[in-house]
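Everything on this sheet refers to the single structure shown next.
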Amino acid sequence: MRRSPSPNGKPIARLVSVPPEQKPDVKKVIQEMLAYRDRQNRTLGGISARELIEEGRRY
């Protein structure tokens, strides 16, 4: 812990160390993303991702 004084000598902030981050479970995150995709039930209407990429390059 450390204090940063202001010009008048009174502390203005308390600096504390950040707790270590927990590493996310990558497999669980991917499963959640795929489940979200399936719930949304959205399609590209027969257009491939490659066609979308090429279309975007025209501009």
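With (1) under 22 Å from the mean Cα position of the chain (by Cα); (2) surrounded by 10 or more Cβ atoms within 10 Å (Cβ to Cβ) as the list, and P24 as the residue in question, which single condition is left unmet? Evaluating P24 over (1) under 22 Å from the mean Cα position of the chain (by Cα); (2) surrounded by 10 or more Cβ atoms within 10 Å (Cβ to Cβ) leaves (2) as the failure. Quick one: which of R58, R3, R50, R37 is out of contact with any Leu (no Cβ under 6 Å at 6 or more places or on another chain) and modelled with pLDDT of 90 or more? None of the others qualify; the one that does is R50.
The values are calculated or read from the model by the stated rules, or taken from the named source; none is laboratory data. Remember, it's a predicted structure, so these values are computed and weren't measured experimentally. Ideal geometry is used to build each Cβ from the backbone, glycine not excepted, and the neighbour counts take in all protein chains shown.
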